[in-house]
1. Pick from segment A:89-118 the residues that are within 14 Å of chain B (Cβ to nearest Cβ) and in a loop (DSSP other than H, G, I, E, B): which of them is surrounded by the fewest Cβ atoms within 10 Å (Cβ to Cβ)?
2. Inside segment B:103-160, counting only strands (runs of 3 or more DSSP E) that do not spill past its ends, which hold 1 or more residues that are under 26 Å from residue B:73 (Cβ atoms)?
3. Taking strands (runs of 3 or more DSSP E) that do not extend beyond segment A:133-230, which have at least 1 residues that are within 14 Å of chain B (Cβ to nearest Cβ) and free of Cβ contacts under 8 Å to residues at least 40 places away in the same chain?
4. Considering only residues that are away from ligand 2 (no atom under 14 Å from the Cβ) and either under 17 Å from residue A:534 (Cα atoms) or within 19 Å of the chain's Cα centre (by Cα) (or both), which ones fall in segment A:433-449?
5. Taking the residues in segment A:297-328 that are touching a helix residue (DSSP H, G or I) at 6+ places or on another chain (Cβ under 6 Å), crowded, with 23+ Cβ neighbours inside 10 Å and outside any strand (DSSP E or B) as candidates, determine which candidate is farthest from the other protein chains (Cβ to nearest Cβ).
6. Given (1) in contact with a helix residue (DSSP H, G or I) (Cβ under 7 Å, 6 or more places away or on another chain); (2) without any contact (Cβ under 8 Å) to a residue 60 or more places away in the chain; (3) away from ligand 1 (no atom under 15 Å from the Cβ), where does residue A:500 come up short, assuming only one miss?
7. Please state which of the following conditions residue A:235 fails to meet, knowing it meets all the rest: (1) crowded, with 24+ Cβ neighbours inside 10 Å; (2) within 21 Å of residue A:149 (Cα to Cα); (3) more than 14 Å from chain B (Cβ to nearest Cβ).
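The values are calculated or read from the model by the stated rules, or taken from the named source; none is laboratory data. Note that the coordinates shown come from a computational prediction; the quantities given were computed from them, not determined experimentally. Quick reminder, even Gly has a Cβ in these numbers, built from the backbone with ideal geometry, and neighbours come from all protein chains shown.
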Ligand SMILES: Cc1ncc(C[n+]2csc(CCOP(=O)(O)OP(=O)(O)O)c2C)c(N)n1
Ligand SMILES: [Mg+2]
C-alpha cells in the first residue's frame, strides 16, 4: 500500500494504540493535519498553546502509564514545547512529540519558521530524531515509542520535514523486534546482589524504605506492599512516590524532604539501613549531603545505572526494574518486626501531630491546609489530583493522602508553574471515569489559563481549585525566611476568577470561609458536563511547615511553632 | 589523573554532537576527543581522554551509555593498551641546524615529510609524553606551527572492543553497571 508520510504518521500512531493526541497546527505540519480526516479513530485535542499540548500529553502519560503524544508545527510551535518536554524529562514521563519542519531543501537556510528543534531539545529529550527519508519514518516512530516507554522512560521528539510528510512510499509496518545495539535497559538483579541485599536487610535494626516515582512507573505498587508486609519496614515517600503505597497503611510514614514530615526526616537521619526504591536522592529530599543519613548502610535499586552513586554513595547498587527486583527479594525475606524502631518513630510522629495545623482551630480564618484536608475528606481520598507548583503543591502533598498509583500528578523535578491545568485536562481525557481535581495557585494558574477553553471545548470535567493567596506564595515564603521580608515582585493582582470562569461558560464558586468548602466541593462533583472552578481565598501570609532550608541538614527543619499566637 | 575511554557509536548524524553536548551539560572536562571510522561502516570509534578521578570516569561511562547511539564503552586506563597521538610540526631550519633536527628525528623515530628552503615539516607519532618531549627539544630551534590529532587508543592482545558480542540482553545489568559487592 502506497502512503504519504503524513498518513504513515497516523498509521503508526494507531499501531501504538494511540487514540488521543494533543496538538496545534501550522504550516510545516499541515500535511499531517490534512491526513487526519482519514483517521477518525484518533481524537485530536486542539490546545491553546503548544506548552499546553505537551503538559496534556504528560498528564495523559502519568495518569495511564502509557505514552502521551503532542504535535506542533515548526519554529515557534516547536519552541513552545520546550518547557513541557523538559518537565517530562526531569520526571521521566513518556511522551512523544511530533514536530513539523521546513522542507528538507530549506533546512539550514534560516527559512521561515525554521528552528533546529532537534538541536534545541538535545539535552532535554531521552532521544530525538530528524527524519531525512520517508523510508525511515515508520521505523523511527516505532523506535521513538519504544525508547519513550522502556527503561527509564522519557520524552522523545521526532522532527519531520514537510516534504517527507508529502512524500509517498510503500507502507510496511515493521514487525520484527526493535534492535538498538546500544540500548539495553536493565531488568533484574543478579543472584549475588539479591544475597547481599538480603544480608543487609536481615541485619538491620532500624531500616527504612525510601519509595520514589519508580514504584509508580514500574507498576510495583503491589510488589512493594508485599515486601513491606513481610519485612515490616516503614516507608517514606518522595513527592512523586506518593500513591506508590497507600498512605494510611500503618507502615507508610509520609513524605520526606524539604517539606516532608519532620519525623520522616528524623527517621532517615537515624536509620541504620536505607532501601532506596526508584528514587534518585534529589537535593530536595537529601538536604546537605555531607550530613545525610550518616548512620545508615544504603541499598539503591534503580533502572538507570547513572543514578547509582550519583549523589549519595551506596553500599549496594542494584540496577534493574524495581518490580522485578522486588519480586526477586520478597520470597526470600525473613519476616521480622522492628518494635523499638517503630516506637521511636511514633514518638517523633506525636510531636509533629501536635504542631500540625489541621489539629488546630483556624479561628475563623481560611487556611489552604484546611481546604485540602477537607477536599480529601469530601472526595473520599479517591480523586486524581493534579497540582501546579508552589505552596499549594506542598500542602496537597502534606494533606491529601493518596491510596493508588497514578493519582497524584505533579511537576517534581522541574517544578514547572503552569503545569497543573493542562496536565489535569490530559489526565481527565485519558481517564474520564476518574474524578480529577486541579489544585493550582493564583500565579501558576495564570500562566496557562488559556487552556480553560480547551477544557470547555473537550467537555473535560476537571474541577479546578485555585488556592488564591494573592502572592507567588512559595517565593514569598523564602523572602520571609531568608530575605528579611522584602516582598519584591511577589504580591500579585488577579482577575475576578469567577467572572473569568463565567466568560468561558464555566460554573464557579468562591469560598472565603471553611464552612463553605463542603457545598462548593459537592457542587463541583455534581457537575460532570465540563470543568468547574472554585476559588479559595486563603490566608495570604501562610507558610508551608516544616521546611529544610536549601542545603541545610535534613534534621534541621524550621518547625511550626508549638503554639502560634494567632492560632490558639 | 588522565582516563582514556574508547567508545563505539553508531555512525549516524548528530552522534558527535550528542557526546559533546553530554560533556558540556554534565560539566565533564574533555582533554582530547577523536572520532573516526572502524572496519565496520555503521560504527565509528571515539577516544576520549578526561582529566578526573576514577569516580568521574565511572560517571562519564554511565552517562555515555544513556545515549541511545552509544554501543559500547571501554575504560582503557587500567588495562594494557596502546595509546597514540600524531603531530605535524613545522620547524624553522637553516644550514647551521638542519642536521641537528634530522638527528633528533632519528632518535624519536619521526619523519621529515616536507622540506623547504627555510623549514621542514616533521611527522611524529607516539604517546603524548613522547610528543611533548620531542616538541620541547625543537622549541629552542624554532617551532613555526604544530598540529596534533588527539589520541587514539586500543587495548593490547586478547582485549577486544567489538560491537558483535553486544546484543540487547534482557536480564543483564544494564549499560555501564558493574556489580560492586
Ligand atoms: C515557570 C516557573 N517560573 C517561576 C517559578 C518559581 N516559583 C516557584 S513557586 C512560585 C510561586 C507560585 O505562586 P502561586 O502559583 O501563586 O502558588 P503558591 O505558592 O502561592 O501556592 C514561583 C514563582 C517556577 N517554579 N516555575
Ligand atoms: Mg499564590
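1. Checking each candidate, the answer is A:108.
2. Of the strands (runs of 3 or more DSSP E) lying wholly inside segment B:103-160, those with at least 1 residues that are under 26 Å from residue B:73 (Cβ atoms) span B:119-126, B:143-148, B:152-155.
3. On the way: elements: A:156-161, A:168-170, A:207-211.
Hits in segment A:133-230: none.
4. Step one: filter segment A:433-449 for residues away from ligand 2 (no atom under 14 Å from the Cβ), giving A:433-438, A:448.
A:434, A:435, A:436, A:437, A:438, A:448, listed by residue number.
5. Narrowing segment A:297-328 to residues touching a helix residue (DSSP H, G or I) at 6+ places or on another chain (Cβ under 6 Å): A:297, A:299, A:301, A:305-306, A:316, A:318-319, A:322-323, A:326-328.
Right, trim to crowded, with 23+ Cβ neighbours inside 10 Å and you get A:299, A:301, A:305-306, A:318-319, A:322, A:326.
Still in the running and outside any strand (DSSP E or B): A:305-306, A:322, A:326.
Numbers: A:305: 4, A:306: 4, A:322: 13, A:326: 16 Å.
Among them, the one singled out is A:326.
6. (1)
7. For residue A:235, the failing item is (2).
Table: residues versus (1) free of Cβ contacts under 8 Å to residues at least 24 places away in the same chain; (2) closer than 21 Å to residue A:49 by Cα; (3) more than 16 Å from ligand 1 (Cβ to nearest atom).
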site: A:433; (1), (2), (3): yes, no, yes
site: A:443; (1), (2), (3): no, yes, no
site: A:449; (1), (2), (3): no, yes, no
site: A:457; (1), (2), (3): no, yes, yes
